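What follows is a set of notes on a single structure, which appears directly below.
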DNA sequence: GATCGCACTGAGT
DNA sequence: ACTCAGTGCGATC
């Protein structure tokens, strides 16, 4: 099947189509963050007027470009890591009537048996579909037990993303089925639907070690982060930070298993399978959508 | 069990 | 911020 012409389900969120512009702005912000590019500079570079960029960006991020810029600085990243100062979270959670913490409360997961893992997907039917998301095109994959894969790409890279995923379970049968994946996509990218009533079912397909790392990731609350070494300590292998990095990088259900919340000890983003810009976008987007009040 | 490669870290610049 | 080397560890054959 020609993945390039595969169905792309649009409009699962009102901000999905903003991402292309936002991505360019974020790339510029990251590259020139020392320069603190002005709104005018950014707007010109992405071919928008300052006011339309401001509006579009804020709709997407819940933050102005300036606010976003502050949210993705090293200092802010360090704050996400700070174990001792969850004051922001406490205040937020107490007053929380709206969106809750997605990952530790509202995702249920199961791990496939080691045998299933070793068979590299044999006997498994995986349904997949492409959906426009706040972070570009999302490739959603699911078995009948639940969500098993979530990948991201920009327009034109659909095939690469698919092959990247399919390599993990080469013996599975793949069926494009946008109707089957749409409910996952619309649920995942709409924070107003991050609620406990119907937890998102996730199937983790990986080695023992990887599963332990991914479960540790699921325990990181939104708007917090962990270092690779802290994650290593948490799973009982304090010196295995590098191996943890490798396992985090192999996470097949990105975003839902929040691998974007793993940072280097300095607060640096260090790496992301689907591109550092996307990791930055996710962290900024979460900051904008889940601060008690955006500043 | 050998070999490979890594989304680490810390020190030095 | 960037490079560099020392690393431990899991994955793979």
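Throughout, read-outs are computed from the coordinates displayed, never taken from laboratory work. Here the structure is a predicted model, which is why all the values come from computation and not from measurement. Counting neighbours? That spans all protein chains shown, and the Cβs are built from the backbone with ideal geometry, glycine included.
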Q) To the nearest Å, what is the center-to-center distance of the stretch A:58-78 and the stretch A:231-269, using C-alpha atoms only? A) 22
**Q.** the stretch A:3-290, relative contact order [Cα under 8 Å, separation at least 6], %
**A.** 24
Q: Provide the gained length on full extension for the span residue A:239 to residue A:197, in nm with one decimal, where the gain is 0.36 nm per separating residue minus the Cα-Cα distance.
A: 11.3 nm
Q. If the chain between residue A:41 and residue A:17 were fully stretched, how many nm would it gain, using 0.36 nm times the residue separation less the Cα-Cα distance?
A. 6.5 nm
Q.
Need the full-extension length gain, residue A:145 to residue A:116, defined as separation in residues times 0.36 nm minus the C-alpha distance. One decimal, nm.
A. 9.1 nm
Q. Cα gyration tensor of the stretch A:170-295, axes a ≥ b ≥ c as square roots of the eigenvalues: rounded (a/c below 1.5), prolate (a/b > b/c) or oblate?
A. oblate
Q.
Please compute the modelled spin-label separation between residue A:160 and residue A:265, points set 7 Å along Cα→Cβ, answer in nm with one decimal.
A. 3.3
Q) If you take the square roots of the eigenvalues of the alpha-carbon gyration tensor of the stretch A:3-290 and sort them as a ≥ b ≥ c, do you get rounded (a/c under 1.5), prolate (a/b over b/c) or oblate? A) oblate
